[in-house]
Amino acid sequence: MGVKLNARQQAQLAYLQGLTPKFQKIHSTIELMANMQADESVVRSFGRTLDEIKSGAGQMSLNGLAETAGLMSTMARRGGGQQMKIRGLRELFGSLKINYDAAVKAASVAEAEDEKP
């Protein structure tokens, strides 16, 4: 018998599957920033991508993912030392991937339903 997911879980999985290319873009942008090859427009685009993830995850009730993306967006926009910013973004990106994996796992497991035989 197949796994039956409710509509919310199906929507969450569809949203989460669309995040994979964005994660690759985020990783490459962080590395560009670390190598001092990212200009201001790339960093602004990076912040917008994170804001999109934050709002989409919030709408799908993926709160851990939304919070981490919001922290990354704030970190990318703030001033201060470049080394500290890169280190913080790398650590938060690791946290974002962990939250992503947990969200995929939670959305993939069918919720227990009260069934009467």
Exercise. Which condition breaks for residue 11 when tested against (1) part of a helix (DSSP H, G or I); (2) crowded, with 16+ Cβ neighbours inside 10 Å; (3) among the aliphatic types (A, V, I, L, M)?
Worked result: (2)
Problem set entry | Candidates 9, 59, 37 - the one that is touching a residue at least 24 places away in the same chain (Cβ under 8 Å) and polar (S, T, N, Q) | 9
Exercise. Can you tell which of 41, 55 is of a type in the set (Ser, Thr, Tyr), modelled with pLDDT under 95, out of contact with any His (no Cβ under 8 Å at 6 or more places or on another chain) and more than 16 Å from residue 101 (Cβ to Cβ)?
Worked result: 41
Exercise. Do we find that residue 71 is under 10 Å from the mean Cα position of the chain (by Cα), part of a helix (DSSP H, G or I) and within 19 Å of residue 86 (Cα to Cα) in this structure?
Worked result: no
Exercise. Name the pairs: first residue in the range 100-117 and surrounded by 10 or more Cβ atoms within 10 Å (Cβ to Cβ), second residue modelled with pLDDT under 80 and part of a loop (DSSP other than H, G, I, E, B), Cβ to Cβ under 9 Å, at least 6 apart or on different chains?
Worked result: 108/3; 109/3; 110/3
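Would you confirm whether any residue within the range 1-22 is under 17 Å from residue 98 (Cα atoms) and among the charged types (D, E, K, R)? Working first, answer last.
Just the residues of the range 1-22 that are under 17 Å from residue 98 (Cα atoms), to begin with: 12-13, 15-22.
Restricting the remaining residues to those that are among the charged types (D, E, K, R) gives 22.
Yes, there is a match, as at least one residue in the range 1-22 is under 17 Å from residue 98 (Cα atoms) and among the charged types (D, E, K, R).
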Exercise. Can you tell me which residue in the range 17-32 is farthest from the chain's Cα centre (by Cα), limited to those that are crowded, with 16+ Cβ neighbours inside 10 Å and touching a residue at least 60 places away in the same chain (Cβ under 8 Å)?
Worked result: 30
Problem set entry | Members of the range 33-92 that are touching a Ser or Thr at 6+ places or on another chain (Cβ under 9 Å), charged (D, E, K, R) and surrounded by fewer than 19 Cβ atoms within 10 Å (Cβ to Cβ) | 48, 51
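Conditions tested, residue by residue: (1) at pLDDT 90 or above; (2) under 30 Å from residue 4 (Cα atoms); (3) assigned to a helix (DSSP H, G or I); (4) under 10 Å from the mean Cα position of the chain (by Cα).
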{"site": "46", "(1), (2), (3), (4)": "yes, no, yes, no"}
{"site": "90", "(1), (2), (3), (4)": "yes, no, yes, no"}
{"site": "97", "(1), (2), (3), (4)": "yes, yes, yes, yes"}
{"site": "105", "(1), (2), (3), (4)": "yes, yes, yes, no"}
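The values are calculated or read from the model by the stated rules, or taken from the named source; none is laboratory data. Note that this is a predicted model, so its numbers are computed, not measured. Neighbour counts run over all protein chains shown; Cβ positions are idealised from the backbone, glycine included.
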